[in-house]
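One structure below.
The values are calculated or read from the model by the stated rules, or taken from the named source; none is laboratory data. What you see is a predicted model; the values in this text were computed from it and never measured. Virtual Cβ from ideal backbone geometry, glycine too; neighbours counted across all protein chains shown.
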Amino acid sequence: MQNKNLLVVGGSSEIGTAIVRQAENNNYQVISTKRSADASGLFMDVTSDESVRTAVQQVTADFGTIDAVIYAPALSNDGLIHTLDEDAWRTAFDVNMFGAARVARHLLPHFIKARKGIFQFISSTAAVRGATGAAPYSCSKAALNALALNIAHDYGRFNIRAYTVMPGYVDGGMLAHLPKEKKTLLARESSLKRLATPADIAHFCIATLDSPYLTGTALTLDGGLAS
C-alpha cells in the first residue's frame, strides 16, 4: 500500500487527525474530508447522500484512483433507553452507520472497476460490550460491524476488502470531557492500565491496511479490557 491514495472520512477529529498524520508518515497520499466550511480538506457531510456523492466524484476525478478509505465519524447521544426519543437513535445511526453505507455505496463502483479497494470503518468495543447510557452509539457501531462483514462477503470476488477496527477507551474524542478521576478508573479496566492515545489507534489502522488477506472481521484494540 505504499504511495497509494487513502481517503480519510472525518479526518478533522482527534483520531482522524492522528490517522492522517500516521498515513502521511508512511508515504500515503491522503485526502481528508471535513464537515465544516472553515476546516481544511474535502467537504463531505456524511448525513447527505448528495454531499457524499459529490465528494466521491470530486476525489476520484482529482486523484484517479482511491485505494482505500478509512471511515472515522462518530456520534453518541447519551441517556438511558427510556429517556431517548427517536431522533436520538436516528441521528446516531445516520452518522455512525448510514453515513458509512453512503460512502460505501458511492465508492463501490469505483473499487469494482479497479478490481481492488479497502474499506476500514472505525467501530468501537461498545459494539460487542455495550455502553452504559449510550445504547444508540453501541447499537449503531454493531450495525457498522455487520455492514463491513456484508461488504466483505458480497464484494470479495472483486478483491475488495472490508473490516472494522474497534478501539476501547481512548484519551480524547468522546472521552475528552470526562474528569481525570473518571479516566483513571477507566484506565484501570485495561490490562495495560492506561487509556489508548489517538496515535495508538492511528498506528494500528494504518498498519492493518497492508494485510492483503484481512477482511470480514472486527479487530479489537482495547489494551486488554476485562470482559
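Filtered by the rule that a residue be touching a Ser or Thr at 6+ places or on another chain (Cβ under 9 Å), over 28 Å from residue 77 (Cβ atoms) and either at pLDDT below 95 or assigned to a strand (DSSP E or B) (or both), the stretch 151-204 gives 160, 161.
Could you check how many residues of the stretch 139-174 are closer than 23 Å to residue 14 by Cβ and surrounded by fewer than 13 Cβ atoms within 10 Å (Cβ to Cβ)? Residues meeting the conditions: 0. For the stretch 82-95, check the following and say yes or no: at least one residue is surrounded by 23 or more Cβ atoms within 10 Å (Cβ to Cβ) and out of contact with any Lys or Arg (no Cβ under 7 Å at 6 or more places or on another chain). Looking through the stretch 82-95, at least one residue is surrounded by 23 or more Cβ atoms within 10 Å (Cβ to Cβ) and out of contact with any Lys or Arg (no Cβ under 7 Å at 6 or more places or on another chain). Among the criteria (1) without any contact (Cβ under 8 Å) to a residue 40 or more places away in the chain; (2) in contact with an Asp or Glu (Cβ under 8 Å, 6 or more places away or on another chain); (3) not hydroxyl-bearing (Ser, Thr, Tyr), the one residue 192 does not fulfil is (2).
Restricting attention to the stretch 101-117, the residues being not in a helix (DSSP H, G or I) and not small (Gly, Ala, Ser) number 2.
Within the stretch 96-127, the set of residues being crowded, with 16+ Cβ neighbours inside 10 Å and among the β-branched types (Val, Ile, Thr) comprises 103, 118, 122, 125.
Let's see how each residue does on (1) out of contact with any Gly (no Cβ under 6 Å at 6 or more places or on another chain); (2) buried (at least 17 other Cβ atoms within 10 Å of the Cβ); (3) closer than 28 Å to residue 68 by Cβ; (4) not acidic (Asp, Glu):
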{"residue": "176", "(1), (2), (3), (4)": "yes, no, yes, yes"}
{"residue": "179", "(1), (2), (3), (4)": "yes, no, no, yes"}
{"residue": "190", "(1), (2), (3), (4)": "no, yes, no, yes"}
{"residue": "205", "(1), (2), (3), (4)": "yes, yes, yes, yes"}
{"residue": "221", "(1), (2), (3), (4)": "yes, yes, yes, yes"}
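If you check 46, 20 for being at pLDDT 95 or above, under 17 Å from the mean Cα position of the chain (by Cα) and part of a helix (DSSP H, G or I), only one passes: 20. Would you mind stating whether residue 96 is in contact (Cβ under 8 Å) with a residue 40 or more places away in the chain, not charged (D, E, K, R) and not in a helix (DSSP H, G or I)? Against the criterion (in contact (Cβ under 8 Å) with a residue 40 or more places away in the chain, not charged (D, E, K, R) and not in a helix (DSSP H, G or I)), residue 96 does not qualify.
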